[in-house]
1. What are the ³J(HN,Hα) couplings of segment 106-117, residue after residue, when phi is run through the Karplus curve with 6.51, -1.76, 1.60 and θ = phi - 60°? Round to Hz, x for glycine and proline.
2. Between residue 179 and residue 101, how high is the FRET efficiency from 1/(1 + (r/R0)^6) when r is the Cβ-Cβ distance and R₀ = 30 Å? Nearest 0.05.
3. Could you calculate the contour length gain from residue 186 to residue 221, that is, 0.36 nm times the residue separation minus the distance between their Cα atoms, to one decimal place in nm?
4. How much of the DSSP beta bridge set in segment 3-248 is antiparallel, as a percent to the nearest 5?
5. Show me, for segment 80-86, the HN-Hα J-couplings you get by feeding each phi into the Karplus relation (A = 6.51, B = -1.76, C = 1.60, θ = phi - 60°), rounded to Hz, glycine and proline as x.
6. For the chain, what does the helix formula give at 222 nm: sum of -39500 (n - 2.57) over DSSP H segments with n ≥ 4, over the residue count, nearest 500 deg cm²/dmol?
7. Please report the relative contact order for the chain, taking Cα pairs under 8 Å with a sequence separation of at least 6, and give it as a percent rounded to a whole number.
8. Using only Cα atoms and rounding to the nearest 10 degrees, what angle (0 to 90) does helix 3-13 make with the longest principal axis of the chain?
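What follows is calculated from the coordinates using simple rules that are stated; it is not laboratory data. Quick caveat, the model's predicted, so the values are computed rather than measured. So basically every Cβ, Gly included, is an ideal-geometry build from the backbone, and we count neighbours across all protein chains shown.
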Amino acid sequence: MQRSDRERDAYDTHDNLQGRPWVHRVFSHIFAGPNARYGEELFFNTVAERIQDKTALELGCGSGGVAARLAQQTNATILATDISPRQIDQTASLAISGRLEFRELNAEDAIDDSYDVIYGRGVLHHIDFRQALERLANDNLRAGGAMVFREPLGANVLGAAYRLFSKDDHTDDERPVTRADLSWFKETFKGFWYYPYGLASLPLGAMSSPVFKNPDNPLTRLGHRLDHRALRHVALVRPWFRAAVLVIDPA
């Protein structure tokens, strides 16, 4: 069985992968604090500003939330895809005729048509993405087009510990983006840049979760400020953050 087949079967048969992992419930401020919100909104806005009046392909759309929000806030034509039939079944009420279509599709297979923007949230670490991205860039991305992804980074120590001790919340084949992968992106694609988030804000978010009710509190705001300061002044720490928005945009 290929990796993609294992990923599809995992999401179609394991209910825990459809819900919120325990760490999201117990340490919710890590994912709902100001730094995490900044990273998620950066991803969304980076996609949204590039798909106005254009066509877009989403890889790994899950239950369709990102595509539906983009369709509401832009006038793009979007094909949102996922390898899991169970996930695609959940998107039926979100489709918009002529604007937003959902389709079962393996991101590692050949894809018809070309698009101005190809994007995905948390999909690359589920596939053998180097070969897939090179094929997509050559065969499916229109001239001047962009690719945008939001992915976990593998070098973050606390993130690695979480994946080690919460294996039921992950598939066996998940592989976060490594420092070597970041170097590969830079060497392979003109116009590549990435914005990481979640360094100091990760432990401070965990600390604030049992203390404060509101995820926007003095501890999480401190983490957000420290992370921005680290990015401005200490370039070497960039691969060590929890996650990153990855952008390939030669324009």
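1. 8, 4, 8, 8, 4, 10, 7, 6, 10, 9, 6, 9
2. Result of the calculation: an efficiency of 0.25.
3. 9.5 nm
4. Of the beta bridges lying entirely in segment 3-248, close to 40 percent run antiparallel.
5. These are the phi-based 3J(HN,Hα) values: 9, 10, 8, 6, 8, x, 5 Hz.
6. -12000 deg cm²/dmol
7. For the chain, the relative contact order is 25 percent.
8. 70 degrees
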